[in-house]
Amino acid sequence: MTGLLGYTSPLLVAGAHVLPPLTTTLMVGVLLPKALAGSDRAHRTPRLALTAWTLLGVSLIASVSLTALHLLLPAAGSHHLSRFAEACIVSLGAHRGPLLPNGLAGVDTRVWAALCAAASVPAAFAVVLVRELLRARRVRIRHAELLRLVGSRRPGLPATVLQHDTPAVYCLPGRAPHIVVSSGALQVLTEQQVTAVLEHERAHIAGRHHLLVAAARAFGASFRTLPLARLARTEVPLLLEMAADDRALRRCSRDALATALYAVASGQTPPMAFAAGGPSAVLRMRRILTPHAPCSPAPRTVFVALTAVVALTPLVLACCAVPGITG
């Protein structure tokens, strides 16, 4: 606390710096994901909900980085950062700034350590994400090689046919995407139903949904103790399936898609593939057959804006926290 002599406790200064990013971590890591996962509006507008989950993930990574930064720079943190930013800018030119006449050489070791600690959080996530993308790509490549050996093509069907009695439809996304339909699916599905499931799989490929699934898995592995990470691993794939359903409904009827999902719900699919059926088929069938009124642009914009404000406001406060305070 500040006494008669103007002394400011270093603990209070540290707390003032760390409190905003810690508040953000609590909100986006614990409170907001639980509310979002249980929201009916999220399933009504899956693309909008995916935007909200992405904002929460970015906000959490930023808040954890800022927490590490302020823990190592509890006093006058933003002042140190402004000096560092100036040093980075002026170091690109021939002149020197007024705060740091020696450029980057004038930044002390403690600032460098704090910046490295803050950068390690997104860097660690990036490493896990790249590893997840490469692992998924290897699995898809191996399965694609197998399909070239055992699969076949049929005239007028833009998919690989796999001889299997169980109805199944799935796609392998990536640079060389494949849509696979089992012979059992072709026996039980009508022409309209085949068109519906093919449109569903094309939506996964066109939307590059495998990148979001990989990001959700990497996020879950990086922050596994937080509800946001656990819920994102299940909610993001489900929302992507719903988004693919919505895109397929632009070219097929609700009955055709719902009955097709029912027919292929029990089909087995390889890892890293998007299946038209799967465990979420019943929930998606109910959603397809009981459509809601479309959400108007105004509420959608407000929803995204409120999510962004709630998630990012504490980060702005953390970046600007108590400038000029000295311990």
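Observations on the structure shown:
- The average projected area of segment 112-205, computed from the convex hull of its Cα atoms over all directions, is 7.8 nm².
- Placing unit charges on the Cβ atoms of the charged side chains and taking the dipole of segment 99-242 about its Cα centre, the candidate lying farthest along the positive direction among 240, 117, 155 is 117.
- Which of 165, 246, 40 is most accessible, then next, and so on - probe 1.4 Å: 165, 40, 246
- Probe 1.4 Å - accessible area at residue 222, Å² to nearest ten: 50
- Pairwise label distance in nanometres, residue 117 with residue 165, each label 7 Å out on the Cα-Cβ vector: 6.3
- Computed lengthening from residue 157 to residue 250, 0.36 nm per intervening residue step minus Cα-Cα distance: 31.5 nm
- Surface calculation, 1.4 Å probe, protein heavy atoms: residue 236 sits at approximately 10 Å² accessible.
- Once Rg and the Kirkwood radius are both taken over the C-alpha atoms of segment 184-224, their ratio Rg/Rh works out to 1.27.
The values are calculated or read from the model by the stated rules, or taken from the named source; none is laboratory data. Fair warning: this is a prediction, and the values are worked out from it, not measured in the lab. Counting neighbours? That spans all protein chains shown, and the Cβs are built from the backbone with ideal geometry, glycine included. These area figures cover heavy atoms from the full protein model, side chains too; ligands, DNA and RNA do not enter into them. Shrake-Rupley method; radii C 1.70, N 1.55, O 1.52, S 1.80 Å.
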